[in-house]
Amino acid sequence: MGLLTRGLTVERLGLVSYNDAWDLQNELHDKRVSGEIGDTLLLLEHPHVYTIGRRGTHADVLRPDVEVVETDRGGQVTYHGPGQLVGYPIIDLGPAADLVGYVRRLEDVMIRSLARFGIDAGRDEGNTGVWVGNAKIGAIGVRVTRNVTKHGFALNVSTDLSYFTGIIPCGITDKGVTSMRVLGCEAALDEVADVVAAEFAKP
């Protein structure tokens, strides 16, 4: 059951395979386009998976023992797995959809959420996502069709970062990755999800 917060329905789905979540996104996307539902935010975890965006290639995947899925989001290759909070907003951006502004909004949501746990995060000039120093803690990959969004963001809470060594994440070779746990925050994923949902619902 979804929680309605300031006009936004938040669905907490637990651990869901990437393809099942993608099918659900497509279903909800069509319903949002037709006006059958309002704006919705899916919050979940995935089993270990590498996903290849529209600008990525299999050459960026270095580890053969993890599932690989080609997807229609923007960006290159990234990793999803347990301990990572994944957010898929299905929202209508309106007829003058501002994709850059939407990506900045997703970054802001993660930055504000991390601040509530005492983590000073920000942007990196030239690279999308959320960073702590020279290490990425939050990734973004989106798609907008008929003014409605799919895909979204992934925040490393207690993620096993060793899986990132199996890819060239987002094509970036000179920067690292980090997580809230590595930075000393012991918050549970459900606690982080509560904060992210509240920050996302803010105007």
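The values are calculated or read from the model by the stated rules, or taken from the named source; none is laboratory data. Nothing here was measured: the structure is a model prediction, and the numbers come from that model. All Cβ positions, glycine included, derive from the backbone under ideal geometry; neighbour counts span all protein chains shown.
Mind listing whichever residues of region 38-65 are at pLDDT below 95 and hydrophobic (A, V, I, L, M, F, W, C)?
52, 59, 61, 62
Scan 33, 16 and give me the residue that is under 19 Å from residue 193 (Cα atoms), of a type in the set (A, V, I, L, M) and surrounded by 14 or more Cβ atoms within 10 Å (Cβ to Cβ).
On the way: 33 fails: under 19 Å from residue 193 (Cα atoms).
The conditions single out 16.
Quick check: anything in region 98-114 of a type outside the set (D, E, K, R), in contact with a Cys (Cβ under 7 Å, 6 or more places away or on another chain) and modelled with pLDDT of 95 or more?
To start, the set of residues in region 98-114 that are of a type outside the set (D, E, K, R) comprises 99-103, 106, 109-111, 113-114.
Subsequent filtering for residues that are in contact with a Cys (Cβ under 7 Å, 6 or more places away or on another chain) retains none.
Within region 98-114, not a single residue is of a type outside the set (D, E, K, R), in contact with a Cys (Cβ under 7 Å, 6 or more places away or on another chain) and modelled with pLDDT of 95 or more.
For a quick check of your reading: which strands (runs of 3 or more DSSP E) sit entirely within region 27-103 and have at least 2 residues that are under 17 Å from residue 141 (Cβ atoms) and without any contact (Cβ under 8 Å) to a residue 40 or more places away in the chain?
Where strands (runs of 3 or more DSSP E) fall fully within region 27-103 and carry at least 2 residues being under 17 Å from residue 141 (Cβ atoms) and without any contact (Cβ under 8 Å) to a residue 40 or more places away in the chain, they are 49-52, 67-70.
Given the residues 141, 176, 152, which is the only one that is buried (at least 18 other Cβ atoms within 10 Å of the Cβ) and either out of contact with any Phe, Trp or Tyr (no Cβ under 8 Å at 6 or more places or on another chain) or farther than 18 Å from residue 39 by Cβ (or both)? Working first, answer last.
Numbers: 176 fails: buried (at least 18 other Cβ atoms within 10 Å of the Cβ); 152 fails: either out of contact with any Phe, Trp or Tyr (no Cβ under 8 Å at 6 or more places or on another chain) or farther than 18 Å from residue 39 by Cβ (or both).
Checking each option against the conditions leaves just 141.
Does residue 119 fit the bill of being in contact with a His (Cβ under 9 Å, 6 or more places away or on another chain), surrounded by 13 or more Cβ atoms within 10 Å (Cβ to Cβ) and either under 16 Å from residue 139 (Cβ atoms) or β-branched (Val, Ile, Thr) (or both)?
Taking the combined requirement at face value, the residue does not satisfy it.
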